[in-house]
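The values are calculated or read from the model by the stated rules, or taken from the named source; none is laboratory data. Remember, predicted model here, so these are calculated numbers, not experimental data. As a convention, Cβ positions derive from the backbone with ideal geometry for all residues, glycine included, and neighbour counts pool all protein chains shown. SASA here: full protein model, heavy atoms, side chains in, ligands and nucleic acids out. Shrake-Rupley method; radii C 1.70, N 1.55, O 1.52, S 1.80 Å.
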Amino acid sequence: MAVAIVIGFTMISFIHSAAFGVMETVKIKAARYFSGHISLTGYVWEKSLIEDPETLISTLKNMDLPLRTIVPRTIYYKSDASLFFGGESIRQRRLVGIDFEAEKDELSGLSFIDGSLENMLINGENGILISKPAADMLGARVGDDITLFITLSSGQYNTKTLYVEGIFNETSLFGYVAYMRQADLNDLLLWEPYLATDIAIYAEDGENLEALSRKISMLLADDYRVLPTMLSKSELYEELSMVDWTKGSVLAPLTLNAHLDQLNDILDAFLIVTWFVLILFILIVMVGILNTYRVLVYERTKEIGTLRALGMSRMSVRLMFLYEALLLSIISSLAGFSLSLILVEVIKIIDISALPGAGLFTENGFLKPYLNLKMACVNMALMAGSVVLAAFEPANKAARIMPAEALRTGK
Amino acid sequence: MKHFCIFIILVILPVSFISAQSSDIEFLKEVDRMVTFNTTDIAAEYKIVKRDPGGANSTTVATMFRRDRANQFVILILEPVVDKGKGYLKIGDNLWLYDPIDRSFTFTSAKERFQNSSARNSDFNQSNLSNDYKVTGSQKAKLGVFNCTILELEALNDRVSFPKRKIWVSEDYLIRKIEDYSMSGQLMRTTAIPNYQTVGDRWLPVNMVILDHLRSKRINNKIEYERTTITISKPSLSELPDTLFSKEYLERVNR
Amino acid sequence: MIIEQVAELKKVTKIYHLGKTKVHALNGIDLRIRKGDFAALSGPSGSGKSTLLNLIGCIDLPSNGSVIINNKDISELNENGLTRLRNRKIGFIFQSFNLLSVLNVYENIEVPLLLNGRIPGKKERHEYVDYLIEQVGLCDWRRHRPAELSGGQRQRVAIARALVTKPSIVLADEPTANLDSKTGTSIIELMKRINKEFTTTFIFSTHDQSIVEIADHVIKLHDGKVVGEQRG
């Protein structure tokens, strides 16, 4: 019985830690890709632009809010950006122009198979970081000069020769992106160097992003036209279509959750599966506990009769079995938790990049599970509750045993 | 005397500037005129062969129907079999691509690559350099056997595919070579038009060779570019029915 | 002199239903047990000895009649009331000892003190349990588990356990059945000594005639009826 609980709790803790790790990995990648935990995009006549990003950043920094990094970005949102090299070309989902010095801490999670973030910080001008799929497609390596092709807002073509300073390992939907200096991208777009399209805001860990976004909107409302925080991109576009542009530019805040709106379905499905597995495990454990306790109560009939004869009340008999079950579940859960710690360390070193879609949930093909203590306590409480519930019927039965009958039995 | 000279300079310079500008426009108008069929329709067969750098060839055969006076054209793809029945319809500034499998029309851009070759859809437009570009520089040079005027052009609008161009125009006002540049001045394409054929009182290229400089590979220490060769044959000035320049025509042809 | 009664049975009947069969274990028993009695229930198997002990011990209820323990009719008590009565007023000694195998001698004896509320202070418990261990002669065995004890030693533990709550009545169902004659005799003698020293009422059932002879109140049962009663 204890073994069943240990195994069950180990699996539950492990699955939860994997799920948490997956969610966290996706969020970290997404924050890099989508301009922070809260992205503030400026729109001027429906076109992405912030005319005075410096003042806006200064205003944000002066707010007494748990924001750890606030940086400008220029993002080329059109999907026609292409990289050319060696006779091959590859389209990029987006181009991100970054102030690498200001955002280096947030980008430190980018893992490189060649080159580095430092290269961009040192050599940066006319440099570009491309993803492994792009590099493979183009046959490009660090040091190669590739041609970046975009169309301006007027529709005209523009190109720039850039040097590959790093190739980062990202194969998922966050991988079809290239990072370059904001100044270089602005130059390519024929913009002034200080202009931006977005402000990337990174919040402190554990903050409620929606609430924070609403607070930011409220505080900016005195000086800017700020749209309400939308729950998805499609809602934002709908809102933008109703803006009266004659009144000036607008700022549109979007949280990471809104950006991940379409991905959330996948993540939700993943969570549902983990909860399903959890419930399944708990049910299996409960059935095991129920059967085992029924046998246990039968085996201890004489002991129960003796205790009842000595003056133990029915409630005490019931509680005795329930406390035993509870103690068993707590000790076994703790053992299971310890085992899951080991399992987590083991899974961290297994490369699962071959699995379909693994690129989205892993860093370099490795899962980054982590055991959330709060979740572990919840799981322990769930397990304890389930075990006690399962033991309830046999405990009740034990309590109702007539002492005289019990003492008569051989057991 | 001094004032007279200043007056002369102040008058002559802008006048000469304006007259230089107007002569450039006239030059471009003449270049446009040589290849524009304003009084008749024109049809011809186009064979487009694309060669990837160091790689395979792919061939498209299409029939082109043009009505320059109305700024319309229709292109019907005949080969390869997998693309047979596909069509392009241009009416004014609108360009549609017809897919015979879906039986649907989708808007496309003149700037898009034509059938994934180095040619752009805009290459099939009638020539309109005099309205779309201004001359920013000119010089004389020899190109093979041709004495050419080289004009540097900058786009006047956003409709054209390339913001900057350089054209080599021979003494008969026919373009022999074009270099297309991006806004930053990077060479994107080179087009050579060695031969022309007379069609009525106008000219049509016999063949064109387009090199895409963005798509290049170093092979055996030599740079090879993606290359598209367009051969234009069987030109005809027969009048075309008005109904040909319509969506219904493309649908009907595919039934 | 007023003789205090600790237990009285008035026309007590007990019927067991075994499927469709009714078993009349007791048929109209009238009985009085005095305080300080050392009473033996004798009779062949099936005569109702154990049933009678169960009723007096409040671990079973009569089908008819009344069982009065310490002037309380047990049919007027609810389940909790019966449990409290058992814990405070009645001690049990079982034929097969019924010690808890996971507890040692000290802990086994202590168990009744920890049940059913009103737990005495630790020091008080400790002193009394040690005293009883001494009384039953198991000072050197207090930390040993039942598996390490002989039959006689186990029964001594059971006796000490039965006495720990200072009950009015100690019920012993065939206390010497699983012991050799010498050990059995010593157990009975211990019970007799305690009976004399603490005036605890002992009621035990037995087949053993030699042990019946030590009792000063003998109740003979046959087919669920009292067929003879002797006070010596």
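Averaged over the residues of A:311-319, the number of partner chain Cβ atoms lying within 10 Å of the residue Cβ comes to 6.
Kirkwood Rh over Cα pairs of the range A:33-260 into Stokes-Einstein at 10 °C, 1.306 mPa s: D in µm²/s?
Working: Rh = 18.0 Å.
Using the Kirkwood radius from Cα pairs, D works out to 88 µm²/s.
The residues of chain B have, on average, 52 Å² of accessible surface per residue, using a 1.4 Å probe with all protein chains present. Quick one: net charge around B:Pro163, please, counting Lys, Arg +1 and Asp, Glu -1 for every other residue with C-beta under 13 Å from its C-beta. So the surrounding residues net to +1. Taking the range A:233-275 and a reference point 7 angstrom along Cα→Cβ of A:Lys215, the backbone N atoms nearer than 19 Å belong to A:253-258. For B:Lys217, a cut-off of 28 angstrom between C-alpha atoms picks up these lysines, skipping any fewer than 8 places away in its own chain: A:Lys78, A:Lys132, A:Lys160, B:Lys47, B:Lys50, B:Lys111, B:Lys164, B:Lys166, B:Lys177.
With a 1.4 Å probe and all protein chains kept in place, how do C:Lys220, B:Lys177 rank by accessible area, largest first?
C:Lys220, B:Lys177
Across the alpha-carbon set of the range B:15-253, the Rg to Rh ratio works out to 0.96, Rh being the Kirkwood radius. Hey, if you drop one equal point scatterer on each alpha-carbon of the protein assembly as shown and run the Debye formula without solvent, what base-10 log of I(q)/I(0) do you get at q = 0.04, 0.07, 0.08, 0.10 Å⁻¹? Normalising to I(0) and taking log10 leaves -0.44, -0.76, -0.87, -1.14.
Report summary: the helix-based calculation at 222 nm, which adds -39500 (n - 2.57) for every DSSP H run with n ≥ 4 and divides by the residues of chain C, gives -9500 deg cm²/dmol. Counting other Cβ atoms within 10 Å, keep those with at most 12, restrict to DSSP loop, and tell me which trypsin sites (Lys or Arg not before Pro) in the range C:12-94 are left. Sites meeting the loop and neighbour criteria: C:Lys20. Scanning chain B for GluC sites (Glu not before Pro) lying in DSSP loops with no more than 10 further Cβ atoms inside 10 Å, the longest uninterrupted stretch between such sites is B:1-170. Computed from protein heavy atoms with a 1.4 Å probe, the total accessible area buried between A and C is close to 1500 Å². Among the trypsin sites (Lys or Arg not before Pro) in the range A:270-362, those placed in a DSSP loop whose Cβ has at most 14 other Cβ atoms within 10 Å are A:Lys348.
Evaluating 6.51 cos²θ - 1.76 cosθ + 1.60 at θ = phi - 60° for every residue in the range B:168-184, the Karplus couplings come out as 9, 10, 7, 4, 8, 6, 9, 6, 9, 8, 9, 10, 9, 10, 7, 4, 7 Hz, glycine and proline recorded as x. Size descriptors for the range B:82-158, from the alpha-carbon set: Rg then Dmax equal 17.2, 51 Å. Semi-axes of the equivalent ellipsoid for the range A:1-88, computed as √(5λ) from the eigenvalues of its C-alpha gyration tensor and ordered from largest down, come to 42, 24, 10 Å. For the pair C:Lys192 and C:Gln5, a Förster radius of 30 Å applied to the C-beta separation gives a FRET efficiency near 0.90, rounded to the nearest 0.05. In this entry, chain C is assigned a mean projected area of 13.4 nm², taken as a quarter of its C-alpha convex hull surface.
Taken one residue at a time, the phi angles of the range A:223-230 give Karplus couplings (6.51, -1.76, 1.60, θ = phi - 60°) of 10, 9, 8, 10, 6, x, 6, 8 Hz. Gly and Pro are set to x.
Against chain A, whose longest principal axis comes from its Cα atoms, helix A:314-347 is set at around 40 degrees.
On C-alpha positions alone, give me the angle between the axis of helix A:373-399 and the longest principal axis of chain A, in degrees, nearest 10. Between helix and principal axis, roughly 20 degrees.
Taking the DSSP bridge list for chain A and keeping only pairs wholly inside it, about 75 percent are antiparallel. Selection among A:Ile90, A:Val285, A:Trp191 by position relative to the dipole of chain A gives A:Val285 as farthest towards the positive end (Cβ unit charges, Cα centre).
Pairwise Cα distances in chain A exceed 38 Å in 40 percent of cases. With coordinates expressed along the principal axes, the C-alpha atoms belonging to the range A:31-71 extend over 31, 24, 11 Å, beginning with the largest.
Counting every alpha-carbon pair across the range C:172-232, the share separated by more than 13 Å comes to 64%.
Please tell me the relative contact order of the range B:15-253 in percent, rounded to the nearest whole number, where contacts are Cα pairs under 8 Å and at least six residues apart.
Worked out over the range B:15-253, it gives 21 percent.
Quick one: of A:Lys47/A:Lys247; A:Lys29/A:Lys348; A:Lys302/C:Lys182; C:Lys11/C:Lys166; A:Lys302/C:Lys72; A:Lys27/A:Lys104, which pairs are farther than 20 Å apart, Cα to Cα? Too far apart for the 20 Å limit: A:Lys302/C:Lys182; C:Lys11/C:Lys166; A:Lys302/C:Lys72. In chain A the longest region clear of chymotrypsin sites (Phe, Trp or Tyr not before Pro) that are loop-assigned by DSSP and have at most 16 other C-beta atoms within 10 Å covers A:195-369. Computed with a 1.4 Å probe on the full set of protein chains, the accessible area for A:Thr69 sits at about 20 Å². Each residue of the range B:25-39 is assigned a 3J(HN,Hα), and the resulting list reads 4, 4, 4, 5, 4, 5, 4, 4, 4, 4, 10, 9, 9, 7, 9 Hz, derived from the Karplus form 6.51 cos²θ - 1.76 cosθ + 1.60 (θ = phi - 60°), x at Gly and Pro.
Eigenvalues of the alpha-carbon gyration tensor of the range C:54-149, scaled by 5 and square-rooted, set the equivalent ellipsoid semi-axes at 30, 16, 11 angstrom, largest first. Hey, what angle do you get for helix A:301-310 against the long axis of chain A, alpha-carbon based, 0 to 90 degrees rounded to 10? Long axis of A:301-310 versus the principal axis of chain A: about 70 degrees.
Per DSSP H run of at least 4 residues, take -39500 (n - 2.57); add these up for chain A, divide by its residues and hand me the 222 nm value, nearest 500 deg cm²/dmol.
Result for chain A: -17000 deg cm²/dmol, rounded to the nearest 500.
In the range A:58-96, the residues whose accessible area drops by at least 30 square angstrom when the other protein chains are added to the isolated chain are A:Phe84, A:Gly86, A:Gly87; the probe is 1.4 Å and only protein heavy atoms count.
Build a GNM of chain A with springs between Cα atoms under 10 Å apart, and of A:Val378, A:Val96, A:Val26 the one that fluctuates most is A:Val378. Relative contact order of chain C: 30 percent, from C-alpha pairs under 8 Å at least 6 residues apart in sequence.
Each Cα pair under 8 Å and six or more residues apart adds its separation to the average, and for chain A the resulting relative contact order is 26 percent.
Amide H to amide H, with H built 1.01 Å from N, A:Arg300 comes under 5 Å of no residue 5 or more places away or on another chain.
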